[in-house]
1. For the ranges 57-68, 232-243, what's the packing order if you count other beta-carbon atoms within 10 Å of each residue, average per peptide, and put the highest first?
2. So which lysines can K252 reach, going by Cα to Cα under 23 Å and dropping same-chain residues fewer than 8 places off?
3. Run the helix sum for the chain: -39,500 (n - 2.57) per DSSP H stretch of 4+ residues, divided by residue count, reported at 222 nm to the nearest 500 deg cm²/dmol.
4. Can you tell me the dipole magnitude for the chain around its Cα centre, using point charges on the Cβ only (Lys, Arg +1; Asp, Glu -1), in Debye to the nearest 20?
5. Work out how much length Q106 to E137 would gain on full extension: take 0.36 nm times their residue separation and subtract the Cα-Cα distance, in nm to one decimal.
6. Need the full-extension length gain, L311 to N201, defined as separation in residues times 0.36 nm minus the C-alpha distance. One decimal, nm.
7. Whole number please: convex hull volume per residue of the Cα set in region 323-439, in Å³?
8. Sort out for me the Cα centre separation of region 276-324 from region 68-133, rounded to whole Å.
Amino acid sequence: MAVLMMTVFALVSCLSDDTIETTPQCAITGFTINSITCDVKVKKYDQYGHATDTIVQKTLYGTQVHFNIDQLNGHIYTTDSLPNWVDLTAVVPNTLSQGDVYYKLQEEDELYFPLVSGTTTIDFSKTVELLCASTDELSKRIYKVDIYKRTSNADTLEWKSLATNLTIVGESKAFHVGGKVYVFAQNEAAVPVVTSADSKNAGNWSTPITVPVDNNSVVWFNDHFYGLGSDGYIYSATPEQLENDWTKASTKKVERLLAADAFNLYAYDGEAIIGSADLTTWTTQGTTDLDMLPETSINASAYTSTTNQNLQVAVMTGLSSQNSENGVVWHKSSTADMSINQPWAYIEVTPDNTYGLPHFGHTSMTSYKDALYAIGTESGTYKYLYRSDDNGITWHSQEGKYPIPDDLKSANGIASIVAVDKDLWIIQENGKVWQGSIQ
């Protein structure tokens, strides 16, 4: 105890040993942490999609964690939240500093203890106070350190299946709008139809309504559904008008409806990708790699960039007859004032990027919790859920992390995927709906 008290006293007095080379500066200029390994309880799935708990070892590498140092306010914090499973009670920090660094055991304590970079273990499950003191004993700075982590575990995906009264045939496109899920597909007579269900009751679907547009062309934009008629014109309807009141929305003939973001509806007119905010004035939004535009299984998602709240990102996927190795992916970024308005660009799969979207049958894609998810048949069956964390540039199988149930893999029935509130829905033509929640 006497040794400890002498050590603490020396720390508070900033080590006045004349043999130490002194400096008038005191600032923490760099902050990282060592890797953290934990035993984590996860879900393991049987062939029926039933989950049991099992223990696995997971590691969060220090290189995956980034900190911001706010020198003005003395605040050091993670730029993104860590996974929920990470144990923060025994974290080893690494500091770069001008001066010596000390830490408090408890916020209400008055005593500071020496922090040895790369060695000292500290409980960061709560805010930690650090003191940086100049070695000339004249200056000091206080920093508060916060390591944020998610309040729920985003590393497990649990599925449940629902038998429903859904009666659709073939490839479908699904949309979550105004508390309902709308699915555009065909009926048994190969006539385009739409059906809907309350997002809280996936078991009960409305009687399919015939629609005058290609069911695979439908896009949601500006509170309307838009679809391509057999005459090459675009027609629109609000959710309340789906049964009887589709109206001609533009005098512009197009070959394909492609996508929409917060600002424009996009189409292909045979010469360029064009866009319009009002479906009256159309502007060119892309002229290169047009042979790689998706021809079938066209899906698109638009969302706010995680790094720039003013930037809207749109990603379009599908299949092109010119690419038999991969699905095709297109990307666009823009802002409301059009200070940024990048043309649609094809994301080429190159030797430097071998993780392109697979050449699925019946590709379906949606955005969910800051990532893109896609499914499709491989050799006639559904095998894996694929995920992209970089706006569609690379895609990775989630077989080991977010597996899909074997019943879904083996069940007949083309499926579409859509984000609904906090869940992912996979909707099959055989009437089954799978609901998965990443928690």
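The values are calculated or read from the model by the stated rules, or taken from the named source; none is laboratory data. Quick caveat: nothing in here was measured; it's all calculated off a predicted structure. Cβ sites come from the backbone with ideal geometry, for glycine too, and all protein chains shown count toward neighbours. Accessible surface is based on the protein model in full, side chains and every heavy atom, while ligands, DNA and RNA are left aside. Shrake-Rupley method; radii C 1.70, N 1.55, O 1.52, S 1.80 Å.
1. Highest mean packing first, the order is 232-243, 57-68.
2. K332
3. Working: 2 runs with 16 residues, N = 439.
So the helix-based figure for the chain works out to -1000 deg cm²/dmol.
4. Details: 27 positive and 52 negative charges, 175 e Å.
Roughly 840 debye for the chain.
5. On the way: separation 31, 0.36 × 31 = 11.16 nm, distance 2.37 nm.
Residue separation times 0.36 nm, minus the Cα-Cα distance, leaves 8.8 nm.
6. Working it through step by step, the gained length comes to 36.2 nm.
7. Values: hull volume 15.5 nm³, N = 117.
For region 323-439, the hull spanned by Cα atoms encloses 132 Å³ per residue.
8. Going from one Cα centre to the other spans 44 Å.
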